[in-house]
1. Of all residues in the stretch 41-95, which are open to solvent by less than 50 Å² (accessible area, probe 1.4 Å) and farther than 18 Å from Phe9 by Cβ?
2. When you look at Ala47, is it touching a helix residue (DSSP H, G or I) at 6+ places or on another chain (Cβ under 9 Å) and either assigned to a helix (DSSP H, G or I) or polar (S, T, N, Q) (or both), yes or no?
3. Within the stretch 8-19, is even one residue within 14 Å of Thr128 (Cβ to Cβ) and out of contact with any His (no Cβ under 6 Å at 6 or more places or on another chain)?
Amino acid sequence: MHNRVKLEFNSLPENLALARLVVASVASQTNFTLDDVEELKVAVSEAVSNSIIHGYGNCPDGLITLEVWQDNAKLVIVVSDQGKGIADIALAMQPAFSTEPDRMGLGFVFMQSFMDDLHVESEPAKGTAVKLVKLLADTNAVALNN
């Protein structure tokens, strides 16, 4: 492992920029292109936004944990909360599905399109963890299993 960062912050929309900055800082230590870094920032923004909006219902008192680590093969980002959780993960990951009528429901779609692997664990009333994996350019799919 080359680098690991773990950060806890309140579920405030203002902290989206902080999460993006942390991910971009760790990602910039790799061979990712500027476009790759921008995609990572979008993916982490979507995951953190989901925690703020859906996990905590925009209540600023919730805690979100961001973990980012990089090794020889990949960058891993985990965004977790102890919020409402997701009752049906498969349904939540469907394009255009949202529990909020004024939301587009594309967060997981963006995460899936920008990452090499996406894994969501959640339990109602216990929270959600979203794991995002992006392979480094000179690696192959075998790294996803580590």
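1. Answer for the stretch 41-95, where residues must be open to solvent by less than 50 Å² (accessible area, probe 1.4 Å) and farther than 18 Å from Phe9 by Cβ: Val42, Gln70, Asp71, Ala73, Lys74, Leu75, Val76, Gly85, Ile86, Ile89, Ala92, Met93.
2. Details: touching a helix residue (DSSP H, G or I) at 6+ places or on another chain (Cβ under 9 Å): yes; either assigned to a helix (DSSP H, G or I) or polar (S, T, N, Q) (or both): yes.
Taking the combined requirement at face value, the residue satisfies it.
3. So in the stretch 8-19, the residues within 14 Å of Thr128 (Cβ to Cβ) come out as 11.
Checking the rest, the ones that are also out of contact with any His (no Cβ under 6 Å at 6 or more places or on another chain) come to 11.
Yes: one or more hits.
The values are calculated or read from the model by the stated rules, or taken from the named source; none is laboratory data. As the structure is a computational prediction, the values presented were derived from the model and not from experiment. When we count neighbours, we look across all protein chains shown, and the Cβ atoms used for this are built from the backbone with ideal geometry, even at glycine. For the accessible areas, the whole protein counts, side chains as well, though only heavy atoms, and no ligand, DNA or RNA atoms are used. Shrake-Rupley method; radii C 1.70, N 1.55, O 1.52, S 1.80 Å.
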